[in-house]
Every structure is written in C-alpha cells, then in structure tokens.
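For reference, the structure is listed below as structure tokens.
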Amino acid sequence: MKINIAIDGPSAAGKSTIADVLAKKLGYTHLDTGAMYRSVAYKAIKDCIGVEDENAVVEMIDKMDLQMNPDGTIILDGEDITGKIRTSEISMGASNVSKLKNVRKALVKMQQKISANGGYILDGRDIGTVVLTDAPIKLFMVASAKARADRRVKQDLEERGIVDDYDAILEEIEKRDYQDSHRENSPLRKADDAIEIDTSDLTLEESIETITNIVMDKMK
Ligand code: DC
C-alpha cells in the first residue's frame, strides 16, 4: 500500500527538489502545493482581483480550471503557466493570498482529494499540520536564510543565466518567512511528529542522501 509523505519548511529550503527525487525513487507523485497558491496569485493579478476581496478570490478559484500534472507542468484555464509562476512578484503574491482563510480551505480540499488514495509526496507549509495530519512520514526542512539565498542565486544563474541582486533575494526570503510563519491561518509550523532536517551546511547531494535514508528507514 502506498502512503503519503508530508514535507514542510520555509521558502527555498529545497523541499521541491527533495520531493522530486523521492517521488522518482519510490514511484510516487509529487504535488507542489506552493505552486497551487502561486497559480491563484497569478490569476488574481491577471484578473485584477485584490487580496482584500476574499470572496472574489474564492469565487475565482471555484471557476478556475487548474491542472497540476504529475510531470510538474501546471495548466491554468488551458494556459501553461509552469514557468510564469516563478517570479518574485508571484512569490509575494502567493504568500499574500495564502493568508486568506477561505482560499486555504479551498486549496486544502483540492490537495486532500488529489492525494486521497496515497502515493503522494506533498510539499508546502501546512502539510503535516493541516492537510495530511495522518501522514506516516513528515519532514520539516530548514536552512538559514543566507544558505537559501546563496542557493537561489546559484540556481538562477545555472537555470536562467540571470544574476539577481543578492540583497533583494535575501530580503524577499526573510519577508516571506516572517509572513508565512506569523499569519493567523495555518502558519508555517513543524508538526509535533515531524522530523526536522537542517540543510544549511549540507550540499544538495548530502541533503538528498540524508533525507532518502530517513525515509527509506521509516518505510521499512
Ligand atoms: O513553496 P512556495 O515558495 O512555492 O510557496 C509560495 C507561497 O505559498 C508561500 O510563500 C506560502 C504559500 N504556501 C502556503 O501557505 N501553504 C502551502 N502549503 C504552500 C505554500
């Protein structure tokens, strides 16, 4: 029987990368729940719907056709938005819409429905505490803001050939950390039964090895 695995932690802690690797190893599917909040932010910005109008955002979610494909591509109302939701504007927009109680309610419901039969690795902020409270394996990945900013700069350079302003990246990480962990509804928090892994001083390969060993051990 396939179980579900919960991975939580702050932005840019490497949750998605680890979830992808684990999913491949186990034959599971990775669901990036942050990308769902990003998709909502993308459409709200496009349709000029402000976060102060919670009802309008929820109404928009009810009408939108969001496909979270197992290969990681995201199709919103027929448009491939996979790359378009990775900008700084959408990162902050996602953090802003994720504060809204009824937005969370709608997305949590979708996430629980998608993963209902097991075989999923969900990564986000509230997976172990709200979405999959019964998940037999819960991980909480942390890293210092500096380590995460360093990785983001390296990743941007490798993937997009862009060198963004380091201080701006660090500031965005710290701002989102604060916002995501101080909001009223489902703030970022380690579940009591989650295993915490600090990857500040680990390379990507070391993080993958450490976490894979923990998961394989738990699955025995
Ligand atoms: O994981 P990410 O950086 O792509 O997430 C974008 C934003 O969405 C993040 O700043 C907070 C929000 N989020 C959330 O509130 N709950 C989740 N399960 C996932 C993301």
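Details
- Sub-7 Å Cβ pairs linking a first residue in the stretch 2-18 that is within 20 Å of Val153 (Cβ to Cβ) to a second residue that is part of a loop (DSSP other than H, G, I, E, B) and near the ligand (Cβ under 10 Å from one of its atoms), at least 6 apart or interchain, are Pro10/Leu188; Lys15/Gly9, ordered by first then second residue.
- For the stretch 38-55, filtering for residues that are within 20 Å of the chain's Cα centre (by Cα), over 14 Å from Asn102 (Cα atoms) and open to solvent by 40 Å² or more (accessible area, probe 1.4 Å) leaves 1.
- Checked against the criteria, Val153 does not count as among the β-branched types (Val, Ile, Thr), open to solvent by less than 40 Å² (accessible area, probe 1.4 Å) and touching a residue at least 24 places away in the same chain (Cβ under 8 Å).
- Note on the stretch 109-132: among residues that are aliphatic (A, V, I, L, M) and in contact with a His (Cβ under 9 Å, 6 or more places away or on another chain), the one that is farthest from the ligand (Cβ to nearest atom) is Ile121.
- Inclusion of Lys146 among residues that are open to solvent by 60 Å² or more (accessible area, probe 1.4 Å), in contact with a Leu (Cβ under 8 Å, 6 or more places away or on another chain) and under 22 Å from Thr87 (Cα atoms) is warranted.
- Residue in the stretch 204-220 that is free of Cβ contacts under 8 Å to residues at least 40 places away in the same chain, more than 22 Å from His30 (Cβ to Cβ), out of contact with any Leu (no Cβ under 8 Å at 6 or more places or on another chain) and acidic (Asp, Glu) present: no
- Of all residue pairs spaced 6 or more apart or on separate chains, those with beta-carbon atoms under 8 Å, a first member in the stretch 90-108 that is near the ligand (Cβ under 9 Å from one of its atoms) and a second member that is of a type in the set (D, E, K, R) and not in a helix (DSSP H, G or I) are Ser98/Arg125; Ser98/Arg183; Lys99/Arg183; Lys99/Glu184; Arg104/Asp126; Val108/Asp126.
- Residues of the stretch 77-100 that turn out to be surrounded by fewer than 18 Cβ atoms within 10 Å (Cβ to Cβ) and hydrophobic (A, V, I, L, M, F, W, C), as a count: 1
- Lone unmet requirement of (1) at pLDDT below 95; (2) under 21 Å from Val97 (Cα atoms); (3) of a type outside the set (Gly, Ala, Ser) for Thr17: (2)
The values are calculated or read from the model by the stated rules, or taken from the named source; none is laboratory data. Please read these numbers as outputs of a predicted model, since none were measured by experiment. Cβ sites come from the backbone with ideal geometry, for glycine too, and all protein chains shown count toward neighbours. For accessibility, only protein heavy atoms count, side chains too; no ligands or nucleic acids. Shrake-Rupley method; radii C 1.70, N 1.55, O 1.52, S 1.80 Å.
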